[in-house]
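So the structure is just underneath, and the comments pick up after that.
What follows draws every value from the coordinates through simple rules; no lab data is involved. Model, not experiment: these values are computed from the prediction. FYI the Cβ positions are ideal-geometry reconstructions off the backbone, even for glycines, and counts take in every protein chain you see.
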Amino acid sequence: MSAPDESPADESPIGPLWVVTGPTAAGKTALALDLAERLGLEILSMDSMAVYRRMDVGTAKPTAAERERVPHHLVDLVDPDETFDTARWCEAAANALAEVRSRGRGALFVGGTPLYLMAFFKGMVQGPAADPDLRAALAAREAAEPGTLHAELTVKDPTAAARIHPRDERRLVRALEFLQLTGQPISSQQDHFESAEWQRPCRIVAIQRQRDDLHARVRARTEAMLDRGLLSETEAIERAGGFSRTAGAAIGYAECRDFLRGRYKDREELRNRIRRSTHRLIRRQTTWLRRLREIAWLDPAAGVDALHDALARSAPTAKEP
């Protein structure tokens, strides 16, 4: 599905749409909030896990105080047991953007989900509809012999296998489903994103930190989430209907669910598993974003003025109307 065509109204009061992205824990939120508050913009969340209600602690969702400072959109859209995909997010984002502009306000996209960024601004490849029977069969094979799906994908689509963690069952099932239903590797979607023109003009700045600094922030963030009750939040969601495959794969929640099933020896192992999963996510996010030559990179220590200047001066990703 491609992003809908838009008129010159696609230009916000500040020119092309502005996007603040970057890996998890880099410090996007604080800078984006300051910028949005200064310019009177509303934030459109570009975070694939912030869409779930009640998944608050583990997603670092904007707090009530932050939402009071700046209106936020695309947060708390569905319950954790509901299925939600990129196509639905793109539709919701288009609707939210239109609503914000109808009130004469500008929008700032903020978040670290590269697939959302690519799909909304470049257009998404139309994949096959989900096949519940095929997905159930693939999941059953993985349950019977853990690791079998990743091994199969390594043979049939090594590019995709290299990008998907062996325990990420949701993405493994989708990759093999895509391959079986279309005869094409799902990695071809990445080729589309690398070659396709930008359908919506935007200016993109990614927040980056030094590796040691980022790792220290991940440690602190993990501790804070566990101290704030990530385990009890996970238990409450399980009691209230549980997680969909997508929501249940969210970092932090996936590890807490394993801990509650007795798969880890103690909380120290739980803490370390969450940190390792977060580091892997950061590497994937950075790899995706580094492929985009249009992105300007900024150290958060430079401050909100530098962020404003970087966005204002960077070249738009597409020709402006």
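Worth a mention:
- Relative packing of peptides 59-65, 263-269, 278-284, 168-174 - highest average C-beta neighbours within 10 Å first: 168-174, 278-284, 59-65, 263-269
- Given +1 at the Cβ of Lys and Arg, -1 at the Cβ of Asp and Glu and no other charges, the dipole of the chain around its Cα centre is 800 debye to the nearest 20.
- Considering only the stretch 31-138, percent of DSSP beta bridges that pair antiparallel, nearest 5: 0 percent
- Each peptide in 16-22, 30-36 gets a packing score, the mean of other Cβ atoms within 10 Å over its residues, and the list from highest to lowest is 16-22, 30-36.
- Only Lys, Arg (+1) and Asp, Glu (-1) charged, at Cβ; the stretch 177-321 dipole about Cα centre in debye: 340 debye
- Number of Lys-Lys pairs in the chain with C-alpha atoms under 27 Å apart and a separation of 8 or more places or on different chains: 6.
- The Cα center of the stretch 27-49 and the Cα center of the stretch 265-310 differ in position by 16 Å.
- Length released on extending from GLU294 to ASP131, taking residue separation times 0.36 nm less the Cα-Cα span: 55.0 nm
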